[in-house]
1. What number of residues in region 44-74 are in contact (Cβ under 8 Å) with a residue 60 or more places away in the chain and among the hydroxyl-bearing types (Ser, Thr, Tyr)?
2. Taking the options VAL157, VAL202, VAL187, name whichever one is surrounded by 20 or more Cβ atoms within 10 Å (Cβ to Cβ), touching a Pro at 6+ places or on another chain (Cβ under 9 Å) and of a type in the set (Val, Ile, Thr).
3. I need a count of the residues in region 100-112 that are under 14 Å from TYR57 (Cα atoms) and surrounded by fewer than 14 Cβ atoms within 10 Å (Cβ to Cβ).
4. Within region 124-137, is even one residue surrounded by 15 or more Cβ atoms within 10 Å (Cβ to Cβ), of a type in the set (Lys, Arg) and without any contact (Cβ under 8 Å) to a residue 24 or more places away in the chain?
5. Mind listing whichever residues of region 107-123 are part of a strand (DSSP E or B) and within 30 Å of THR84 (Cα to Cα)?
6. Name the single residue that is surrounded by the fewest Cβ atoms within 10 Å (Cβ to Cβ) among those in region 13-60 being in a loop (DSSP other than H, G, I, E, B) and under 13 Å from the mean Cα position of the chain (by Cα).
7. Please go through region 156-193 and give me each residue that is assigned to a helix (DSSP H, G or I) and free of Cβ contacts under 8 Å to residues at least 40 places away in the same chain, ordered by number.
8. Of the residues LEU127, LEU70, which is assigned to a loop (DSSP other than H, G, I, E, B) and either over 30 Å from ALA165 (Cα atoms) or at pLDDT 95 or above (or both)?
Amino acid sequence: MELPIFQVDAFADAVFRGNPASICPLESWLSDETMQAIAAENNQSETAFLVPAGDAYEIRWFTPAVEIDLAGHPTLAAAYVIFTILDPSRTEIRFESQRSGTLVVTRAEGRLLMDFPSHPPKPRDDLGDVAGALGAPPAEILAARDGVAVFQTEQQVRALAPDMAKIAALPVFGLIATAPGETCDFVSRFFAPGAGIPEDPVTGSAHCTLTPYWARKLGRNALHARQISRRGGDLYCRLDGERVEIAGEAVLYMDGRIHI
């Protein structure tokens, strides 16, 4: 069997930046075991699989280790593949996901704009040794799907030396470290070693939690975010009630065929 595959750098304006995602358009679903094996072989933070469903696409996301409920950068990458290669006539793409409902992506001012659910974090005191896991004590600890460790400065987040085994032991999917930005509204780093992602380069889904937090904290709904991993990436976010808009750019790095 041969399957098409695309590798796209998401939240990037040039290759070798942002977060690489593998995109596999399918005619019908493969077995869960096969999709998980493909994602493990790709060894990217996520691989997205797409199946046409009328005028929409069903979408599922796999890390090298597990299927997950929501992923931002591979959704952005999948939309880029559809808009630029599979169906350039489209002005809007609707993705139907099993665990996060309908996700819409449109073109907006030279970027791709994703409409995602908002997941505001709540204060938590039962996450365990977050300070030990990150190597520094945060000023505030919250959680939604992911834990959120809030620091006072961007430099504190840059300087973190996380212990991946300790992070994997925390009772959350991933752990976000965040702080006010020096040249943007806020910065972050994201760690999910338990899902096979030690440090994610740029994490769209984390901004479903970060956007409502920082919108409340800063008193405005439109925010410029930057993930300060080694590759790094910029996200343009807006809180819209119970939804979050997340915009960014994407660049094709590679296309080819899978032989299984």
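1. The total comes to 2.
2. Going through VAL157, VAL202, VAL187 in turn, the sole match is VAL187.
3. Residues in region 100-112 being under 14 Å from TYR57 (Cα atoms) and surrounded by fewer than 14 Cβ atoms within 10 Å (Cβ to Cβ): 2 in total.
4. yes
5. The first filter runs over region 107-123 and keeps only residues part of a strand (DSSP E or B), leaving 107-108, 111-117, 122-123.
Result: ARG107, ALA108, ARG111, LEU112, LEU113, MET114, ASP115, PHE116, PRO117.
6. Here is the first cut: in region 13-60, the ones in a loop (DSSP other than H, G, I, E, B) are 13-18, 26-31, 43-46, 54-55.
Narrowing the set further to residues that are under 13 Å from the mean Cα position of the chain (by Cα) leaves 18, 44-46.
Working: GLY18: 30, GLN44: 23, SER45: 29, GLU46: 31.
Ranking the qualifying residues of region 13-60, first place goes to GLN44.
7. Across region 156-193, the qualifying residues are GLN156, MET164, ALA165, LYS166, ILE167, ALA168, PRO193.
8. On inspection, the qualifying residue turns out to be LEU127.
The values are calculated or read from the model by the stated rules, or taken from the named source; none is laboratory data. Since we're looking at a predicted model, the values are computed, not measured. Positions of Cβ are generated from backbone atoms using ideal geometry, with glycine treated the same way; all protein chains shown enter the neighbour counts.
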